[in-house]
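Below is one structure, written out as structure tokens; the observations come after it.
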Amino acid sequence: MVRRNDQKVLLLTGADALSWLHSITSQNIKNLKPGDSTETLVLTPTGHIEHQIKVLAFDGGLYLIVNGTKLEALSKWLTMMRFRSKVELSETELEVWGAFADLNLGDLAWVDGFDSEPKGSVRYALEVENFPYREYLMPNGFSPDIEEAGMLAFEALRIAAGRPEITDIDEKSLPHEFDWLASAVHLTKGCYRGQETVAKVHNLGHPPRRLVVLNLEVGDTVANPGEDIGYQGRVIGKVLAGALHYEAGSLALGLVNRNTPYLDLEVCGMTASQKVLVPAKTVENTQTTQYTATNVTTIIDKFTATNYSASAATISVNLVTAAGSAGNANLITKTKTLQPSEVYTFPELVGQVLGNGDFISTIAGTASAINMRVSGREVTQ
């Protein structure tokens, strides 16, 4: 277990507790039942992240787990937003203890849903790491009967999983950039502060930055928050957090420009390989080259498509050899129909190999209806 001294617990009670918090934050709160956990965000009027709230429902109301450095500002804002609502907000003396297993320490356990299937929203990441994290709310002075771990161990595990915390954000941070839509935003719940920006950026499909997990090549150097991330001599992002992982070595969580190539980057004067967390491309209704294997051999590990429109839409996929053109001879998937909100993984594309100069080409029946995501391995020739 890890003592989360950085976390504080607020108690929200009253007849309107669920509906009130639902109306002013990003997540669907109003249908929570006792024992349910979720996560929600307070956004600025322009849709940037201001506060992260972990919500645990119980018979008498809601426990709100928040970062201690944000406690005063959040409490002040929540109090100001009560108006005539029947809610009461107070600070508790409960301690927060994190664990990566169910330790049966009572009913007051907030379970992290970051790696779960999104409800009423989407996930941008191609892959999501298993992150079985939970936080127990324990009486003041609690002492665990198992060995206590330190915050650096927690940081290493959450960085490896690409799990953001409120300490990672800056004044420009959008939920989409951190893949927080998957666990903290409901896309159809209705109006709340910042909702218009959330919808606009999602519909465009192009958040300005994307989250990456970086693995520094050698040694025990730990990247510090704020250090530059470089590519070919240019600064293209910043480190958000760094830690030493017990298996992977030195890891860093970074935020880079959306158009940064999916290649090795530079941190602390060392090469840092990146794991792509938030890629997405729109499939247009003209034949379009989506990826070319340049001086590498590429093996496709996963190819998914999501229909974000309100109507059925089709997609066709060609794997074309170098200097060739898309046609029936290299058509792998022909006019696959996706229903509204359907996510489809193409089994026929898994394991396909692209040689130097080969490329992926797509065409959709309807423009801007389908987003595609592809993950794979590039082997330098």
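The values are calculated or read from the model by the stated rules, or taken from the named source; none is laboratory data. Because the structure is predicted, anything quoted here is derived from the model rather than measured. So basically every Cβ, Gly included, is an ideal-geometry build from the backbone, and we count neighbours across all protein chains shown.
For region 163-173, does any single residue satisfy the condition of being surrounded by 17 or more Cβ atoms within 10 Å (Cβ to Cβ), of a type in the set (Ser, Thr, Tyr) and within 23 Å of residue 63 (Cβ to Cβ)?
No.
Need pairs with beta-carbon distance below 8 Å; first residue in contact (Cβ under 8 Å) with a residue 40 or more places away in the chain and assigned to a helix (DSSP H, G or I) and within region 13-27, second among the hydroxyl-bearing types (Ser, Thr, Tyr) and buried (at least 18 other Cβ atoms within 10 Å of the Cβ); sequence gap 6+ or separate chains.
So the pair list comes out as 21/40; 23/192; 24/192.
Specify which of the listed residues (62, 32, 94, 41) is out of contact with any helix residue (DSSP H, G or I) (no Cβ under 7 Å at 6 or more places or on another chain) and either of a type in the set (A, V, I, L, M) or in the same structural domain as residue 173 (by TED's automatic domain parsing) (or both). Before you say what the answer is, go through the steps one by one.
Numbers: 62 fails: out of contact with any helix residue (DSSP H, G or I) (no Cβ under 7 Å at 6 or more places or on another chain); 32 fails: out of contact with any helix residue (DSSP H, G or I) (no Cβ under 7 Å at 6 or more places or on another chain); 41 fails: out of contact with any helix residue (DSSP H, G or I) (no Cβ under 7 Å at 6 or more places or on another chain).
Answer to the selection: 94.
How many residues are surrounded by 16 or more Cβ atoms within 10 Å (Cβ to Cβ), in a loop (DSSP other than H, G, I, E, B) and either modelled with pLDDT under 75 or in contact with an Asp or Glu (Cβ under 8 Å, 6 or more places away or on another chain) (or both) when one looks only at region 263-295?
Summing the residues that are surrounded by 16 or more Cβ atoms within 10 Å (Cβ to Cβ), in a loop (DSSP other than H, G, I, E, B) and either modelled with pLDDT under 75 or in contact with an Asp or Glu (Cβ under 8 Å, 6 or more places away or on another chain) (or both) in region 263-295 gives 6.
Looking at region 119-140, can you tell me whether even one residue there is out of contact with any Leu (no Cβ under 9 Å at 6 or more places or on another chain) and small (Gly, Ala, Ser)?
No, the conditions are met nowhere in region 119-140.
Checking the structure you have, find out if any residue of region 186-197 is on the phi > 0 side of the Ramachandran plot and at pLDDT 90 or above.
yes
When you check residue 153 against the structure, is it part of a loop (DSSP other than H, G, I, E, B), over 30 Å from residue 368 (Cα atoms), touching a residue at least 12 places away in the same chain (Cβ under 8 Å) and not aromatic (Phe, Trp, Tyr), yes or no? Give the steps one after another, and end with the answer.
Working: part of a loop (DSSP other than H, G, I, E, B): no; over 30 Å from residue 368 (Cα atoms): yes; touching a residue at least 12 places away in the same chain (Cβ under 8 Å): yes; not aromatic (Phe, Trp, Tyr): yes.
No.
If only one of 117, 127 is over 23 Å from residue 190 (Cβ atoms), modelled with pLDDT under 95 and within 15 Å of the chain's Cα centre (by Cα), which one is it?
Values: 117 fails: over 23 Å from residue 190 (Cβ atoms).
Criteria check complete, one pass: 127.
Just checking, does region 30-44 include any residue being out of contact with any Pro (no Cβ under 6 Å at 6 or more places or on another chain) and on the phi > 0 side of the Ramachandran plot?
Within region 30-44, one or more residues are out of contact with any Pro (no Cβ under 6 Å at 6 or more places or on another chain) and on the phi > 0 side of the Ramachandran plot.
Could you tell me how many of the residues in region 107-143 are touching a residue at least 24 places away in the same chain (Cβ under 8 Å), among the charged types (D, E, K, R) and exposed (fewer than 12 other Cβ atoms within 10 Å of the Cβ)?
1
For residues that are within 17 Å of residue 201 (Cβ to Cβ), over 15 Å from the mean Cα position of the chain (by Cα) and not in a loop (DSSP other than H, G, I, E, B), tally how many sit in region 43-55.
2
Condition check ((1) modelled with pLDDT of 90 or more; (2) buried (at least 18 other Cβ atoms within 10 Å of the Cβ)) across all residues:
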{"residue": "308", "(1), (2)": "no, yes"}
{"residue": "318", "(1), (2)": "yes, yes"}
{"residue": "321", "(1), (2)": "yes, no"}
{"residue": "327", "(1), (2)": "yes, no"}
{"residue": "330", "(1), (2)": "yes, no"}
{"residue": "339", "(1), (2)": "yes, no"}
{"residue": "345", "(1), (2)": "no, no"}
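Which condition number does residue 260 fail, the rest of (1) crowded, with 18+ Cβ neighbours inside 10 Å; (2) in the same structural domain as residue 239 (by TED's automatic domain parsing); (3) part of a strand (DSSP E or B); (4) modelled with pLDDT under 85 being met?
Only one criterion is unmet by residue 260, namely (3).
Pairs, please: C-beta under 6 Å, at least 6 apart or cross-chain, first residue closer than 17 Å to residue 366 by Cβ and in region 288-314, second β-branched (Val, Ile, Thr) and part of a loop (DSSP other than H, G, I, E, B)?
If the second residue must be β-branched (Val, Ile, Thr) and part of a loop (DSSP other than H, G, I, E, B), the pairs left are 313/366.
Just checking, which of 35, 141 is at pLDDT below 95 and not in a strand (DSSP E or B)? Don't jump to the end; show me each part of the working.
Numbers: 35 fails: at pLDDT below 95.
From the options 35, 141, the qualifying one is 141.
Kindly evaluate residue 366 against the criterion of being at pLDDT 90 or above and crowded, with 16+ Cβ neighbours inside 10 Å.
On the way: at pLDDT 90 or above: yes; crowded, with 16+ Cβ neighbours inside 10 Å: yes.
Criteria met by residue 366.
Are any of the residues in region 7-15 of a type in the set (D, E, K, R) and either in contact with a Gly (Cβ under 6 Å, 6 or more places away or on another chain) or not assigned by TED's automatic domain parsing to the domain that holds residue 103 (or both)? Even if it seems obvious, please write down each step before you answer.
Residues of region 7-15 that are of a type in the set (D, E, K, R), as a first pass: 8.
Checking which are either in contact with a Gly (Cβ under 6 Å, 6 or more places away or on another chain) or not assigned by TED's automatic domain parsing to the domain that holds residue 103 (or both) leaves us with 8.
Scanning region 7-15 turns up at least one residue that is of a type in the set (D, E, K, R) and either in contact with a Gly (Cβ under 6 Å, 6 or more places away or on another chain) or not assigned by TED's automatic domain parsing to the domain that holds residue 103 (or both).
For region 80-106, give me each residue that is part of a strand (DSSP E or B) and either on the phi > 0 side of the Ramachandran plot or buried (at least 17 other Cβ atoms within 10 Å of the Cβ) (or both). Before the answer, list the steps.
Let us first name the residues in region 80-106 that are part of a strand (DSSP E or B), namely 88-91, 95-99.
Those that are part of a strand (DSSP E or B) and either on the phi > 0 side of the Ramachandran plot or buried (at least 17 other Cβ atoms within 10 Å of the Cβ) (or both): 89, 95, 96, 97, 98, 99.
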